[in-house]
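K.L.:
Next up is a structure, given as structure tokens.
The values are calculated or read from the model by the stated rules, or taken from the named source; none is laboratory data. It should be emphasised that the depicted structure is a prediction, and the values quoted were computed from it without experimental measurement. Backbone-built Cβ (ideal geometry, glycine too); neighbour counts: all protein chains shown.
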């Protein structure tokens, strides 16, 4: 019984100290969040976004990248996108999704762990009809594929 009380007291003191540290501003979320490529997500052109993210805007078209997206998106605020990379493309390092006609074209970038499957699925906003471009970094090279999505109701300021 005495041991349970000690554990409870230690836990209470630790929780109280953590609460005081957070309240005093000593522990902030900024300190523990990973760095993100701000310039890439704020870029206004596709080439600028790719250059800021990967150091180059040059990509090679690849049939090993499949984009599943609706041909016509009834609402641009919610467009489901799935990118699948063929198992023939080994060593997928990252997958980025770009909506070419958005005010800020880079909408998502996923860094893949070693041995991860080349697969991402998300929902994006599209301001108007345009290409959705999937850019895959594999083996130090950038490869891409694109699919046109027609938007009937705008989602990004439209």
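K.L.:
Just the residues that are loosely packed, with under 14 Cβ neighbours inside 10 Å, touching a residue at least 24 places away in the same chain (Cβ under 8 Å) and more than 19 Å from residue 53 (Cα to Cα), please, taken from segment 88-115.
P.N.:
Scanning segment 88-115 gives 88, 90.
K.L.:
Shifting gears a bit: Pick out the one residue from 63, 118, 57 that is over 30 Å from residue 153 (Cβ atoms) and within 14 Å of the chain's Cα centre (by Cα).
P.N.:
Selected residue: 118, the only one of 63, 118, 57 that is over 30 Å from residue 153 (Cβ atoms) and within 14 Å of the chain's Cα centre (by Cα).
K.L.:
Just to check your reading of the model, which residue among 57, 91, 113, 139 is within 23 Å of residue 42 (Cβ to Cβ) and modelled with pLDDT under 90?
P.N.:
So the residue among 57, 91, 113, 139 that is within 23 Å of residue 42 (Cβ to Cβ) and modelled with pLDDT under 90 is 57.
K.L.:
Can you name the residue in segment 121-158 that is surrounded by fewer than 20 Cβ atoms within 10 Å (Cβ to Cβ) and within 14 Å of the chain's Cα centre (by Cα) and, of all such residues, is nearest to residue 77 (Cα to Cα)?
P.N.:
My answer is 125.
K.L.:
Further question: Could you check residue 102 against (1) farther than 18 Å from residue 41 by Cβ; (2) under 18 Å from the mean Cα position of the chain (by Cα); (3) at pLDDT 90 or above and say which number it fails?
P.N.:
It is condition (1) that residue 102 fails.
K.L.:
Further, regarding this structure: Can you say whether residue 71 is exposed (fewer than 13 other Cβ atoms within 10 Å of the Cβ) and either at positive phi or in contact with a strand residue (DSSP E or B) (Cβ under 9 Å, 6 or more places away or on another chain) (or both), as far as the supplied structure shows?
P.N.:
Judged against the criteria, residue 71 is a match.
K.L.:
Taking residue 84, is it free of Cβ contacts under 8 Å to residues at least 40 places away in the same chain, in contact with a strand residue (DSSP E or B) (Cβ under 8 Å, 6 or more places away or on another chain) and surrounded by 16 or more Cβ atoms within 10 Å (Cβ to Cβ)?
P.N.:
When the stated conditions are applied, residue 84 passes them.
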